Amino acid sequence: MFKKTLLATAILASLTVHAAHAKTFKVGMGDPMDSDQGALAQRFAELVEQLSEGEMEVELFPGGQLGSETGMIQDTRIGKLDFALIGVGNLTPYAPRLGALTMPYAIRSHADAVKATTGPLADRWNAIAEEEAGVHIVSWLYSNFRYLTNSKRPVTTLDDLQGLKVRLPQNELMLATYEAWGASPISMSWPEVFTGLQQGVIDGQDNPYIVNYTMKFHEVQDYLTEVHYQYSLQPIVMGVRTYEQLSDEERAIIDRAGLEAQLYALQFQLTEASKARAGMEAEGVEVSTLEDEDEWIRIAKEEVWPEFYDDIGGQESFEEMQKALGH
């Protein structure tokens, strides 16, 4: 009995020492745990812990607990926060050339989104993020197209959009796109959006189905329109200075966990988006498609693209990206 007790004590002491020496990382994100952000972050955390055999642990802070996406980006840049899971549109103020991924109608399918964030194009965006924003891209979340919701009326044509107060991230390209279409875009931080919709400060916003549903926008929005102008890509980023302080083995674990979580997130998106749409419709949201999307595309290409070529690295660079995507 004494030997068994001694053995149990030794094992417990070993586990305690192991846990005490595990390196802990924090991930901040704006959406709740039952969102696609939560699915990616949770899978990433599991993989980091598995691949490191418990030597590295990841803590998740959903629902804007650690501040706005802009604030979290700043914190990762200076090393105050380990990881931030943020919309790429909120990263472009720090790395303007990443704006190519947010150009209206630049990405037109799931296949385009995957091709744009793997292989040579993924390497290109990461080099830009490191150079311009001081962050390393660890993983990409595929969140589908940003669909417009509002509380005023069904939007099936450009005429229906006129004058609607639509919340957007702090992203000049996205703001300019909605302005070109005749809406009244308003920049607003993510944690303020639900209250803004509830109080009528804004009429609508745009986000993918899963985000719209898990954020419970159906409680304050009556209409949704499937506008295919922007595929929502959300990277997990880590400050370059934090990344470079890690050992080669730790960096390899984080990058591998990020890639595997990215593949998991794509499958999650493909299966869960339809459920989210059905959930919103069950809550009374009226879903519409555009009758004149060709006109939305024409305005985007003729009025918005030329205005932002210089900001995203030039027209030639953007056309190279489009060629790589087969457009």
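A few notes on this one:
- Members of the range 211-229 found to be within 19 Å of the chain's Cα centre (by Cα) and open to solvent by 10 Å² or more (accessible area, probe 1.4 Å), listed by number: Tyr213, Thr214, Met215, Lys216, Glu226, His228
- Those residues of the range 223-257 which are more than 14 Å from Val135 (Cβ to Cβ) and among the β-branched types (Val, Ile, Thr), in sequence order: Thr225, Val227, Ile253
- Only a single criterion out of (1) over 30 Å from Val304 (Cα atoms); (2) in contact (Cβ under 8 Å) with a residue 60 or more places away in the chain is not satisfied by Pro235, namely (1).
- Lone unmet requirement of (1) open to solvent by 10 Å² or more (accessible area, probe 1.4 Å); (2) of a type in the set (Asp, Glu); (3) part of a strand (DSSP E or B) for Asp159: (3)
- Answer from Ala84, Ala95, Ala45 - the residue that is open to solvent by less than 30 Å² (accessible area, probe 1.4 Å), at pLDDT below 95 and under 19 Å from the mean Cα position of the chain (by Cα): Ala95
Results for (1) modelled with pLDDT under 95; (2) assigned to a helix (DSSP H, G or I); (3) of a type outside the set (D, E, K, R), shown as yes or no for each residue.
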| residue | (1), (2), (3) |
| --- | --- |
| Glu244 | no, yes, no |
| Glu250 | no, yes, no |
| Ala261 | no, yes, yes |
| Gln267 | yes, yes, yes |
| Lys275 | yes, yes, no |
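- Counting the residues of the range 116-135 that are open to solvent by 10 Å² or more (accessible area, probe 1.4 Å) and closer than 17 Å to Phe83 by Cβ gives 3.
- Residues in the range 31-42 that are farther than 15 Å from Leu263 by Cβ and open to solvent by 10 Å² or more (accessible area, probe 1.4 Å): Pro32, Met33, Asp34.
- Selection from the range 108-117 of residues that are at pLDDT below 95 and in a loop (DSSP other than H, G, I, E, B): Arg108, Ser109
- Among the residues of the range 288-327, the one identified as of a type in the set (Gly, Ala, Ser), open to solvent by 30 Å² or more (accessible area, probe 1.4 Å) and in a helix (DSSP H, G or I) is Ala324.
- Residues of the range 61-78 include none that is open to solvent by 60 Å² or more (accessible area, probe 1.4 Å), out of contact with any Cys (no Cβ under 7 Å at 6 or more places or on another chain) and at pLDDT below 95.
- Val166 open to solvent by 10 Å² or more (accessible area, probe 1.4 Å), β-branched (Val, Ile, Thr), in contact with a Gly (Cβ under 9 Å, 6 or more places away or on another chain) and modelled with pLDDT of 95 or more: no
- Taking the criterion of being touching a strand residue (DSSP E or B) at 6+ places or on another chain (Cβ under 6 Å) and among the small types (Gly, Ala, Ser), the only residue of the range 279-327 that qualifies is Ser288.
- Residue that is farthest from His228 (Cα to Cα), among those in the range 189-210 that are surrounded by fewer than 18 Cβ atoms within 10 Å (Cβ to Cβ) and hydrophobic (A, V, I, L, M, F, W, C): Val201
- Conditions (1) part of a strand (DSSP E or B); (2) farther than 30 Å from Glu281 by Cα: number failed by Asp75: (1)
The values are calculated or read from the model by the stated rules, or taken from the named source; none is laboratory data. Treat the numbers as computed from the prediction; the structure is a model and nothing was measured. In this analysis, Cβ positions are derived from the backbone assuming ideal geometry, glycine residues included, and neighbour counts consider all displayed protein chains. Surface areas here come from the heavy atoms of the whole protein model, side chains and all, with no ligands, DNA or RNA. Shrake-Rupley method; radii C 1.70, N 1.55, O 1.52, S 1.80 Å.
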